[in-house]
Amino acid sequence: RAPEPQGGYNVVFQPFSGGKPSGEYQVFADGFAGASKQPGTAKHRPSGVAVGSDGALYVSDDNGGRVWRVVYQGS
């Protein structure tokens, strides 16, 4: 991809119907790459997601070595 600006580096929601993708995806979380869009300079790189028994969404970061926990706060 270099020298093009890096793309992706976000977490998306993809609706499904009947076990197949239906409709356009929606960006759920972004900004992982940081301010620079130069290839190879991303601060974080989301690489996997899982839903925990607590209802939280866990996002692994294979560039920053973290697991992000996302929870709903509201009524």
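Where a number appears in this text, it was derived from the coordinates with a stated rule and is not lab data. In this text, all values refer to a predicted model and were calculated from it rather than measured experimentally. Virtual Cβ from ideal backbone geometry, glycine too; neighbours counted across all protein chains shown.
Using just the C-alpha positions of the chain as equal point scatterers, what log10 of I(q)/I(0) does the Debye formula give at each q in 0.24 1/Å? The calculated log intensity ratios at q = 0.24 Å⁻¹ are -1.15. With both labels modelled 7 Å from their Cα along Cα-to-Cβ, the residue 50 to residue 71 distance reads 1.8 nm. Peptides 48-61, 16-29 ranked from most to least packed, by the mean per-residue count of other Cβ atoms within 10 Å: 48-61, 16-29.
If you average the sequence gap of Cα pairs under 8 Å that are 6 or more apart and divide by the length of the chain, what percent do you get for the contact order? After rounding, I find 22 percent.
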